[in-house]
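Before any comments, here is the structure.
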Amino acid sequence: MNSTKQPVQQNFTYDPFDPDVMADPLPYYRILRDEHPVYYIEKWDTYALSRFDDIWNVLGVNDGTFVASEGTLPAANVLAQRNDGAVPDPPLHPMPFHANFDSPIYENVRKCTSSQFRIRTVPKLADRIRTLANERLDELLPRGSFDLTQDYGGIVAASMVCDFVGLPVDLAPDVLATVNAGSLAQPGEGVEVGNARPGYLSYLTPIIERRRAEGHDGSVPIADSLIEYRLPDGSALNDMEAAVQMLGVFIGGTETVPKITATGLWQLLRHPDQLAAVRADLDANVPVAREEIIRYSAPAQWFARTVRRPYTIHGTTIHPGQRVITLLASAARDEREYDNPDDFVWNRPIDRLLSFGHGQHFCLGVHVARLEITIMIQEFLKRVPEYRIDEAAASRPPSSFQWGWNNIPVEV
Ligand code: HEM
């Protein structure tokens, strides 16, 4: 599962949309960290930051120097436009995803979507997640073989998303398939997840329409809060605008947890001593191993910000209108932060983690994600004494966005 290929160091170039990078970015990240910590990609007028500390510091600047006015995940056609100075916030209508706005609109809309994800609320979801995990295992284990990413974690995570946004759980397989299809990245182009994809909105817009008709009394928290929300000019969100604000939960909640859960079970299996140590006390040890699993395998590669005020880093000044991409997946393998970062060590000390981001856009679903991963790994290990991964059949499609194991066939 580790990279073997070495990109040519002479005439080194890095482009997140280069097919070679999308197939295996890790060797590129090492060279970037060691030799080009502030790497300028002329074609996109964008700087790539690859070291843990630099990314931690940049994402920690929350004074409007870095904004996401071009989206946190701009596709190549957005980056291809050169900006002549600072980029203003988008117009209020039609309102794009709220992450594209600076404070206070960004925070106020985010708050509409956040009530189910608070650190005090999330533990109440444990029983629900455990039930869903066991229902899946009841169905899958008698089959003898299945896809650990999609059939197990995928359906559980998508079922939770259905609960969160107010969809019937029997739509989970469709939600999962739709999000998987929407996240496929094309070489040279990237992914346009932030855009209002008709596939996603065909689930989300009817929820808003239904809640308006039913009286939005707060019982479907995200939809109801978005219907009540008023922008600074007093205007409300229309149905489609409100639906677009739900995309973060719809996509973020569905795609990352399954890949990390399945990769974690695979990594433990590859290190039988570590698997035995974790099995010795699942309640105490899975939450510890989970952090290493997230560090080692979180699939999101980078997020972007557009610079609004000059910012100097390692002697390079980045000017308003230029962008930075923060290579979170490189930070996770930075030897300046972690000893032997390419080794999987279930109980390694992890003081800081960038896999959920940092600062203003820190992952909204962090507590749910941790709980889902923990419970799914615990329940699987409780019920499965032995398992085998068909490594040759596992697949990790090239991606500029989510480079993770989409399919991990398991025999139990
Ligand atoms: C282990 C699994 C997960 C990882 C590693 C992860 C990672 C991240 C990262 C790195 C960001 C920040 C993006 C940026 O800086 O621009 C983010 C944002 C976000 N995540 Fe997650 N995520 C996970 C699971 C989830 C889950 C389960 C949900 C929802 C239930 C979720 C919802 C969101 C949302 C809505 C945002 C956007 C926040 C904002 O811009 O206000 N994520 N996630």
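The values are calculated or read from the model by the stated rules, or taken from the named source; none is laboratory data. Computed from a predicted structure; not experimentally measured. Glycine gets a Cβ as well: all are built from the backbone with ideal geometry, and neighbour counts include every protein chain shown. Areas reflect the complete protein model, heavy atoms only, side chains present, ligands, DNA and RNA absent. Shrake-Rupley method; radii C 1.70, N 1.55, O 1.52, S 1.80 Å.
The simple spin-label model puts a point 7 Å past each Cα toward its Cβ; for Lys124 and His319 those points are separated by 5.3 nm.
Lysine pair count for the chain with Cα-Cα distance under 28 Å and sequence separation of 8 or more or different chains is 7.
Of all accessible surface on the stretch 19-411 at a 1.4 Å probe, what whole percent is carbon and sulfur? Taking all protein chains in place, the stretch 19-411 shows 52 percent carbon and sulfur surface.
Charged side chains reduced to their Cβ positions (Lys and Arg at +1, Asp and Glu at -1) give the stretch 272-412 a dipole of some 860 debye around its Cα centre. Simple point charges give the picture: +1 on the Cβ of Lys and Arg, -1 on the Cβ of Asp and Glu, and for the stretch 264-307 a dipole about the Cα centre of about 260 debye.
Using 1/(1 + (r/R0)^6) with R0 = 51 angstrom and r between the beta carbons of Asp390 and Val61, what's the FRET efficiency to the nearest 0.05?
Rounded to the nearest 0.05, the efficiency is 0.70.
Charged side chains reduced to their Cβ positions (Lys and Arg at +1, Asp and Glu at -1) give the chain a dipole of some 460 debye around its Cα centre. When the charge dipole of the stretch 19-411 is built from unit charges on Cβ atoms (+1 for Lys and Arg, -1 for Asp and Glu) and taken about the Cα centre, the candidate among Gln150, Leu26, Ile55 whose Cα reaches farthest toward its positive end is Ile55.
Take each peptide in 105-116, 334-345, count the other Cβ atoms within 10 Å of every residue, and average; sorted highest first, the result is 105-116, 334-345. Heavy-atom accessible surface of the chain, averaged per residue, reaches 40 Å², computed with a 1.4 Å probe. Multiplying the residue separation of Asn108 and Asp342 by 0.36 nm and removing their Cα-Cα distance gives an extension gain of 80.3 nm. Relative contact order for the chain: 27 percent, from Cα pairs under 8 Å spaced at least 6 residues apart, divided by residue count.
Between the residues Gln267, Leu140, Ser355, the greatest Cα displacement towards the positive end of the dipole of the chain, with unit charges on the Cβ of Lys, Arg, Asp and Glu, is found for Ser355. In this calculation the C-beta distance from Arg82 to Asn11 is compared with R0 = 35 Å, giving a FRET efficiency of 0.90.
Give the calculated FRET efficiency between Leu171 and Arg230 to the nearest 0.05, with a Förster radius of 41 Å applied to their Cβ-Cβ distance. Working shown, then result.
Numbers: r = 30 Å, r/R0 = 0.74.
FRET efficiency, Leu171 to Arg230: 0.85.
Remark: relative contact order (the stretch 194-341) = 14 percent; criterion is Cα-Cα distance under 8 angstrom and separation of 6 or more residues. Stretching Glu214 away from Asp273 to a fully extended chain increases their span by 15.7 nm, per 0.36 nm per residue minus the current alpha-carbon distance. Of the residues Pro25, Pro398, Pro104, the one that moves most in a GNM of the chain with alpha-carbon contacts below 10 Å is Pro104.
Applying a length cut-off of 30 Å (Cα extent along the axis) and a mean Kyte-Doolittle floor of -1.0 to the DSSP H helices of the chain leaves 247-270. Peptides 292-305, 73-86, 271-284, ordered by how many other C-beta atoms sit within 10 Å of their residues on average, highest first, read 292-305, 73-86, 271-284.
Helix content alone sets the calculated 222 nm mean residue ellipticity of the chain: runs of n ≥ 4 DSSP H residues at -39500 (n - 2.57) each, divided across all residues, give -12500 deg cm²/dmol. Shape class for the chain: oblate, because the ratio a/c of the largest to smallest gyration tensor axis (alpha-carbon atoms, square roots of eigenvalues) is 1.5 or more and b/c is at least a/b.
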